[in-house]
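First up is the structure itself, then whatever we jot down about it.
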Amino acid sequence: MEVLFIVPVKARANVQLFLQAEIMIRPEDYIIEDIINSGQVAALFQPMVFIKKKRVAGYRAFCRSCGTGGDVIDEVSMILSADRLGLVLQIERLFRKKALEGFSFFHKRDRNAIVSTAVSSMAVKSGLSVKSFLDTAKSAGIDPSGIIIELVESEFEDTVMLCRFASTWRDAGFMIAMDDFGTGSSNWDRIALVKPDLVKLDRSIIEGISDDFLKQEVSRSLISLAHKAGALVVANGIASCDDALKMMELDADILQGDYFSVPGNAGEIRHDNINLKIVKLSQRYRERQVACRLRNLEARMETLSIMDRIIDEILSRGMYRADEAIAGAVVKYGNIECVYILDDAGIQITETVLNSSIRISGVARIFHPDSIYSDQSNKGYYLNLMPDIESYISEPYISAATGNVCVTASKRYISAGGEGRILCVDLST
């Protein structure tokens, strides 16, 4: 059980403040004063790979220290302890100083390299000075245009404070990134308000994304939103080649994670290994893109072939036996979820014939097949059939008939009686 107790604070300037507030100080908090006074903080760096340009664009700086027992103290733990002692600005200044000093190793070799460093909401609330950081950057010989300030948007209850800080620091020449975005209490509207230069997707979204359809769709939406707002997207937490490939497919701009390199001292980063991974990753991406296009082309041709065969069967049975033809198609082609026919106005003129082997979502009142005379004229598979477009295949979506992910293929044809008709087929993905 963790023991908390009230003690006088050793930081002389803050004794009265903390005695009056009766702040509960943890025993391990006292080491923070020693860390600040001695400067015993090490900066580690993790490469940020601008995958579209096939190169390392910069580095994310992390600060670490050691406790009395030799255990590692991470940046967040030090900030929390410093905040309880009223020393958050001092520890943050030390972090920035160490980050920029360490980054100078890369900066001397590549003047276009950037460094990304986090600023806590506690430091912002305590009045972190942009002038102080500008002086630190100047001392390190680094222009602020090469420095990214990461802010965890969800930590800021006060939107005005967040926007004011971002605006002030951007005016001073720094880039602004919204970190850990897309999870917890993230507010999407703040992208438009803050106008960040970069949006960093939270690692909880990225990890395992190659096998998770919902994570992929969330990321697709976030990336689209960020790009429309004029921000680059950083996929943080890339741990595997498959996740890296998926984020490339979803159009992320920068990849960061242990797959390329774990955080390390500036002189320990193996750029030869990173560059080799970038080359191999790019090659696999090209191969996958070509294979995907071929698969999509083959799938489209097969789908349209199935549609033609069903239409042939409908026409061969005559004007009044279309229902029999589409019922037979559901049995014959196993990947069909359901089939129905519309007239030229988008009105359903048959019942929806459902594949009996398809599981329908348990929320039956929401997901159920439409009946005859339902109006489908607002559906994409109807609207996208222009006079000069005979067929259409939708992107994957949640079927209103079954609650499953499917695509809908639609194709115009002329019935045996000479009326315009549209065959619609929902296919499992």
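The numbers here are math on the coordinates, done by the rules we state, and not lab data. Predicted model only: the values in this text are computed from it and were never measured. All Cβ positions, even for glycine, are placed from backbone atoms using ideal geometry, and neighbour counts span all protein chains on display.
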_Calculate the FRET efficiency for Met161 and Ser204 from the Cβ-Cβ distance with a Förster distance of 30 Å, rounded to the nearest 0.05._
0.70
*Using the alpha-carbon atoms, what tilt in degrees (0 to 90, nearest 10) does helix 88-109 show relative to the longest principal axis of the chain?*
70
*DSSP bridge pairs, the chain: antiparallel proportion in percent, nearest 5*: 65
*To the nearest 10 degrees, how steep is helix 213-228 against the longest Cα principal axis of the chain, on a 0 to 90 scale?*
70
*For the range 299-428, what is the charge dipole size about the Cα centre, in debye to the nearest 20, if Lys and Arg each add +1 at the Cβ and Asp and Glu each add -1 at the Cβ?*
280
*For the chain, calculated [θ]222 nm from helices alone, where every DSSP H run of n ≥ 4 adds -39500 (n - 2.57)*: -12500 deg cm²/dmol
*Which peptide among 156-165, 91-100, 291-300, 251-260 comes first, and what is the full order, when sorted by highest mean count of other Cβ atoms within 10 Å?*
91-100, 251-260, 156-165, 291-300
*Which lysines, on any chain, are close to Lys52 with Cα under 26 Å apart, when same-chain ones fewer than 8 places away are left out?*
Lys108, Lys195, Lys200, Lys215, Lys228, Lys246, Lys277, Lys280
*Work out how much length Lys332 to Asn265 would gain on full extension: take 0.36 nm times their residue separation and subtract the Cα-Cα distance, in nm to one decimal.*
17.9 nm
*Straight-distance crosslink candidates among lysines, where the alpha carbon sits under 21 Å from Lys411 and sequence neighbours closer than 8 are dropped*: Lys332, Lys379
*Give me the number: length gained by fully extending Lys108 to Leu134, i.e. 0.36 nm times residue separation minus the C-alpha to C-alpha distance, one decimal in nm.*
7.5 nm
*Gain in span if fully extended, Phe367 to Ile389, counting 0.36 nm per residue against the direct Cα distance*: 5.0 nm
*So what J values fall out for the range 281-291 if you push phi through Karplus, 6.51 cos²θ - 1.76 cosθ + 1.60 with θ = phi - 60°, rounded to Hz, Gly and Pro as x?*
5, 5, 5, 5, 5, 4, 4, 5, 5, 5, 5
*Mind giving me the nanometre distance, one decimal, between the label points for Leu80 and Ile398, set 7 Å out from Cα along Cα→Cβ?*
3.5
*Helix 75-84 versus the longest principal axis of the chain: what angle, 0 to 90°, nearest 10, using Cα atoms?*
60
*Can you work out ³J(HN,Hα) from phi for every residue in the range 255-272, in order, using Karplus 6.51 cos²θ - 1.76 cosθ + 1.60 and θ = phi - 60°, giving whole Hz and x for Gly and Pro?*
10, 9, x, 5, 4, 7, 5, 6, x, x, 4, 3, x, 9, 5, 8, 5, 5
*Which entry in (1) 1.33; (2) 0.97; (3) 1.04 matches Cα Rg over 2.2 N^0.38 Å derived from the coordinates of this structure?*
(1)
